[in-house]
Amino acid sequence: MTTAILKVENLTKTFGKTQALTDVTLTINPGEVFGFIGPNGAGKSTTIRILLGILKKTSGAVTLFGLDPFVNSSAIHKRLAYVPGDVYLWPNLTGGEIIDFLLHLNGNNHTAYTDELIRKFQLDPTKRARTYSKGNRQKVALIAAFSQNADFYIFDEPTSGLDPLNEQLFQEEVLNLKRAGKSVMLSSHILSEVEKMCDRIGIIRQGEVIETGTLAEMRHLTRTQMVVKTVHPLDILEERDGLYDLQLDALKTTASFSVDSEQIPVLMDRLAAADILSIQSNPPTLEDLFLRYYGDEVAPAKE
Ligand SMILES: Nc1ncnc2c1ncn2[C@@H]1O[C@H](COP(=O)(O)OP(=O)(O)OP(=O)(O)O)[C@@H](O)[C@H]1O
Ligand SMILES: [Mg+2]
């Protein structure tokens, strides 16, 4: 039996009267990219801080590489790369100095790959950190993490400050790690942002994990909403599987519906055959999904 990279069982955390985590249970296996998805305040960073040994749990069990992060902290940190959500950098050091310092902290060295990453993310490593924008500060931490040779990489909302081009570069690097058989935990509040990279996803809301599974298992969560106007009537939509909440106007040339992601290619052919005049498509936001699928089942907000 292979040892899980990360095992969290019935993890609970309270801050005074605030119950931040309730019975959080999740596993990340070797070679897996795991997406940890949830809205603001859901408990993503709290979970991550506990498994890094930065915060103390209230109850439950956490192991990394089969070890307890509070007892075996240094052994664990040698095998870990972590990028926090709000990157703090020493203001008077340059980006390059900070990258090297972060690498040395974890027993790694600046390599040719570090230089490649600096070029790739177009970071000027000679500038002092105090002059960097949020995105540039994030790049410093990401470059240090990606040039580490770790077994497990934890990124807490890593793309929140990155523009679309850099977000794509980030995704490429995560896929490189995946190809190299590394394990990755990626927290985000946007499902569509991580779905390209993740093998499995856990959805957390108000401190509770409400769904865990592969993307295929969660396919029902990823529906796109569309409004289409066509020249010819869209009767054909009435018989299509994978369409939901279909509404057609009297002429049947304006349709609104939501559609499973995997059905979109076939659907587009059908729509094109009816001569599309206009089309609007909105990927579901996480909040929409929660409201649609969990509405009343989700416990009321804990104040
Ligand atoms: N040090 C703290 N003291 C008191 N409450 C805290 C502390 N840290 C977190 N919390 C509370 O715990 C809950 C979970 O917060 P957490 O930062 O883990 O959320 P998150 O999922 O990372 O959100 P975000 O997407 O905004 O980063 C929130 O209600 C937050 O207010
Ligand atoms: Mg957070």
Q. Among the residues of the range 232-258, how many are modelled with pLDDT of 90 or more and within 13 Å of A274 (Cβ to Cβ)?
A. 9
Q | Filtered residue count, the range 94-111, keeping only those that are open to solvent by 80 Å² or more (accessible area, probe 1.4 Å) and not in a helix (DSSP H, G or I) | A | 1
Q. Given the conditions (1) open to solvent by 20 Å² or more (accessible area, probe 1.4 Å); (2) in contact (Cβ under 8 Å) with a residue 12 or more places away in the chain; (3) of a type in the set (D, E, K, R), and given that E217 satisfies all but one, which numbered condition is not satisfied?
A. (2)
**Q.** Subset of the range 14-25 [open to solvent by 20 Å² or more (accessible area, probe 1.4 Å) and either among the charged types (D, E, K, R) or assigned to a strand (DSSP E or B) (or both)]
**A.** T14, F15, K17, T18, Q19, T22, D23, T25
Q: Can you tell me which residue among P91, P69 is in a loop (DSSP other than H, G, I, E, B) and within 22 Å of M185 (Cβ to Cβ)?
A: P69
Q) In this structure, does L103 turn out to be among the hydrophobic types (A, V, I, L, M, F, W, C), assigned by TED's automatic domain parsing to the domain that holds L186, within 15 Å of ligand 1 (Cβ to nearest atom) and over 21 Å from M197 (Cβ atoms)? A) no
Q: Take the range 23-50 and flag every residue that is more than 6 Å from ligand 1 (Cβ to nearest atom) and among the β-branched types (V, I, T).
A: V24, T25, T27, I28, V33, I37, T47, I48, I50
Q: Considering only the range 220-232, state which residues are in a strand (DSSP E or B), open to solvent by less than 50 Å² (accessible area, probe 1.4 Å) and under 30 Å from D163 (Cβ atoms).
A: R223, T224, M226
Q | Matching residues in the range 121-135 - criterion: being crowded, with 21+ Cβ neighbours inside 10 Å and closer than 12 Å to T94 by Cα | A | L123, Y132
Q.
Scan the range 43-65 and tell me whether some residue there is within 13 Å of ligand 2 (Cβ to nearest atom), within 18 Å of G161 (Cα to Cα) and either open to solvent by less than 40 Å² (accessible area, probe 1.4 Å) or not β-branched (V, I, T) (or both).
A. yes
Q.
Among the residues in the range 283-302, are any modelled with pLDDT of 85 or more, farther than 30 Å from F15 by Cβ and out of contact with any strand residue (DSSP E or B) (no Cβ under 6 Å at 6 or more places or on another chain)?
A. no
(Q) Just checking: which of the helices (runs of 4 or more DSSP H) contained wholly in the range 112-199 hold 1 or more residues that are touching a residue at least 40 places away in the same chain (Cβ under 8 Å) and of a type in the set (S, T, N, Q)? (A) 134-146, 164-179, 191-194
Q: Give the range 1-13 a look and list any residue that's open to solvent by 30 Å² or more (accessible area, probe 1.4 Å) and assigned to a strand (DSSP E or B), or say none.
A: K7, E9, N10
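The values are calculated or read from the model by the stated rules, or taken from the named source; none is laboratory data. It should be emphasised that the depicted structure is a prediction, and the values quoted were computed from it without experimental measurement. Please note: Cβ atoms are built from the backbone with ideal geometry, for glycine as well, and neighbour counts cover all protein chains shown. All accessible areas refer to the heavy atoms of the entire protein, side chains included, with ligands and DNA or RNA removed. Shrake-Rupley method; radii C 1.70, N 1.55, O 1.52, S 1.80 Å.
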